[in-house]
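Below is one structure, written out as structure tokens; the observations come after it.
Just so it is clear, none of the values below were taken in a lab; they were calculated from the coordinates. Because the structure is predicted, anything quoted here is derived from the model rather than measured. Cβ: placed from backbone, ideal geometry, glycine included. Neighbour counts: every protein chain shown.
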Amino acid sequence: TPDVTGPSCPTERLVLQLPARVLVEGDTVTLRCRGWQDGTVTGVRFYHEEKELGGPLNGSELSLSPLQLHNSAHYRCRGWLNSGPSPWWEMSAPVTVTVTVHGECGNEDG
């Protein structure tokens, strides 16, 4: 979709998506773990700088709210991918979340 970051034709079997917009302190952002060709992903776990955050065992999204500067980091997801003849564990490539302090986005007028 046009409002999320990620390769236009991903080669990974599992992709972690985040909104393609400036993230400001206080915002809410949802990270979404998706399987290749929309394959079913279960048992999703999320990672912040390689430290496990846990995750919804029956879901594929993680909301960060309210965003704070310490949320700026690399994130990954891991899940049980159920596409193809046999399911397997897969880990996404890392994505970077960058949180900006309100008022530091360049426009002095607002």
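At R0 = 41 Å, how high is the FRET efficiency between E25 and S86 if r is their beta carbon distance? Nearest 0.05 is fine.
Rounded to the nearest 0.05, the efficiency is 0.40.
How big is D for the range 14-100, in µm² s⁻¹ as a whole number, if Stokes-Einstein is applied with the Kirkwood radius of its Cα pairs at 4 °C and 1.567 mPa s? Intermediate values should be presented prior to the final figure.
Working: Rh = 13.1 Å.
Translational diffusion coefficient: 99 µm²/s.
Applying 1/(1 + (r/R0)^6) with R0 = 35 Å to the Cβ-Cβ distance of T98 and E52 gives a FRET efficiency near 0.95. The simple spin-label model puts a point 7 Å past each Cα toward its Cβ; for T42 and S72 those points are separated by 4.0 nm.
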